[in-house]
Structure formats: structure tokens, C-alpha cells
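Read-outs: derived from the displayed coordinates by stated rules, not from any lab. Quick caveat, the model's predicted, so the values are computed rather than measured. As a convention, Cβ positions derive from the backbone with ideal geometry for all residues, glycine included, and neighbour counts pool all protein chains shown.
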Amino acid sequence: MNNFPDNKILIATHNNGKLEEFKQILKDLDLLILSSKDLNLDEPKETEDTFIGNARLKSRTSCNKSKLPCLGDDSGLEVHALGNQPGVYTADWAYTKNGRDFNQAMNRVWNELLKSKQKEPFTANFVCTLVLTFPNGNEKIFEGRASGKITWPMRGIGGHGYDPIFIPDGYNKTFGEMSDLEKNKISHRNKALKKFISFYNDYNN
């Protein structure tokens, strides 16, 4: 059974940093990886209040428009002392009228932690939920988590998003201080995509 008859998969994103992570982690698969941006597809507004809801919305919308198997991703940072905020609103915390500013978002996280009067370590985790939608309407769900803690000030210029303030468990440097290769071995997105790779290999080899 071949769920990918054209050896193509669409990643429902316009985020270049996220797309590069997908390409790096999936590079050994016999798949041509396209993005919504490649096909000039608009991204739907993320109107759901769960990771799976937003991932499904993006995946279904892009699959319906492209007629290709599509992976939609919703991911975010959950800071436990903040009641798992920003969570599904991770990107919203970076919103400005001129686009997303993650320096602003990271400052907000730290300021909210100071206001919380909680004590360090400020444990947190990154979550990645993937929804794979096929043109026939079938779907599969894959989730990955990376646990760690929040640090301040920001450290490193690698990665994207909140990476410069997140130290994964078992390490003494942030995602922002890691090479792409090092981060991609342990990231939440890697863990979710490894589950997708297992699914792909089971059904297409």
C-alpha cells in the first residue's frame, strides 16, 4: 500500500525555520518535500484552542487545496509556572503590527515569570503535534515533547522562536546555542517526526 503515490508531501507552513527542520529530519525518506509557500497557498487562521485543533485545521485546508498528503504542525512552549502558557498562543505572544518578534515574546515570558513569584528552576516543555491528512480524508496524529527549563538572559543565535531561553533536560546549553543537527536529534519536532517516519516506513516499504 502506497499512501504517497507521487512521492510528495506538503508541509503546511510558511515558516522557513520550521520547514528546514522538517527537511533535515526527513532527508532520508524518498519524498519530495513541498511547503504551502511553494504552492502559494494561504495559511488558515489558527482559530482552535488546542495544538491538535490548529494542526488539523492547517493540514486539512492545505490538503484540500493541493490534493497532496499534508502534514500540519502546531507547536508551542508550555511554561509550568505560568499555567502552561503561552502554549497554543506561543506565536501570538510574538505578534506585532510589523510581524512576529520573538525577542518581545521571550521578554514577556521572563517578565511573567518574575511577576509569578515562583522559584527557579522554571520547568517547561516544547510540544509538537502533527496531523497528517490524505486526500481521501484519512488522518494520522503524531506528538512529541521536549522537556527542560527556562533560562535568562537569552543565549545563542541559532534555531528560531523561543530557542535561546530553553535548556533541554540533560544539557547545559539552550536550543539557540546548539547546531541544527544537535537540536534536531532531541527536539519535540524530531520526536513527532520520528513517529511519522515509522508510519511511513511501515506502509511504504
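Quick one: pull the percentage of alpha-carbon pairs in the stretch 12-107 with a separation above 16 Å. Could you put the intermediate results ahead of the total?
Numbers: 2821 of 4560 pairs.
Across the stretch 12-107, Cα pairs with separations above 16 Å total 62 percent.
This model, with +1 at the C-beta of Lys and Arg and -1 at the C-beta of Asp and Glu, gives the chain a dipole about its Cα centre of some 200 debye.
Cβ crowding within 10 Å ranks LEU32, LEU193 as LEU32, LEU193, fewest other Cβ atoms first.
If packing is taken as the mean number of other Cβ atoms within 10 Å per residue, what is the order of 157-163, 17-23, 195-201, 70-76, highest first?
Values: 157-163: 19.4, 17-23: 17.4, 195-201: 15.6, 70-76: 25.7.
Top of the packing list down: 70-76, 157-163, 17-23, 195-201.
Using the rule -39500 (n - 2.57) for each DSSP H run of four or more residues, divided by the residues of the chain, the 222 nm mean residue ellipticity is -10000 deg cm²/dmol. Given their separation in residues at 0.36 nm each and the Cα-Cα distance between them, ASP202 and GLU182 gain 4.6 nm when the chain is fully extended.
Only bridges with both residues in the stretch 8-204 count here: give the DSSP antiparallel percent, nearest 5. Please report the intermediate quantities before stating the final value.
Numbers: 29 of 35 bridges.
If we restrict to bridges inside the stretch 8-204, about 85 percent are antiparallel.
Considering only SER179, ASN111, PRO164, the residue lying farthest towards the positive end of the dipole of the stretch 91-205 is ASN111, judged by Cα position with unit charges set on Cβ. P(r) for the stretch 136-205, from all Cα pairs and a bin width of 5 Å, is 4, 16, 23, 20, 12, 9, 8, 6, 2, 0 %, short bins first. Legend: residue pairs LYS67/LYS183; LYS65/LYS185; LYS18/LYS140; LYS140/LYS185; LYS23/LYS119; LYS97/LYS183, Cα-Cα distance threshold 27 Å; pairs beyond threshold, LYS67/LYS183; LYS65/LYS185; LYS23/LYS119; LYS97/LYS183. When restricted to Cα atoms, the chain yields an Rg and a Dmax of 17.1, 55 Å, respectively.
What GluC sites (Glu not before Pro) does the stretch 43-85 have in DSSP loop regions with at most 10 other beta carbons within 10 Å?
On the way: sites: GLU46, GLU48, GLU78; in loops: GLU46, GLU48.
Qualifying residues, ordered by number: none.
Distance from the alpha carbon centroid of the stretch 1-28 to that of the stretch 68-106 works out to 21 angstrom.
Given the stretch 44-155 reduced to its alpha-carbon atoms as identical point scatterers, what log10 I(q)/I(0) does the Debye formula return at q = 0.17, 0.18 Å⁻¹? The calculated log intensity ratios at q = 0.17, 0.18 Å⁻¹ are -0.84, -0.91. Taking the longest Cα principal axis of the chain as reference, the axis of helix 188-204 is set at about 20 degrees.
Each Cα pair under 8 Å and six or more residues apart adds its sequence gap; the mean of these over the residue count of the chain is a relative contact order of 19 percent.
Pop the C-beta distance of ASP101 and THR47 into the FRET formula with R0 = 30 Å and round what comes out to the nearest 0.05. All intermediate terms of the calculation are to be shown ahead of the outcome.
Values: r = 22 Å, r/R0 = 0.74.
With R0 = 30 Å, the Cβ-Cβ based efficiency is 0.85.
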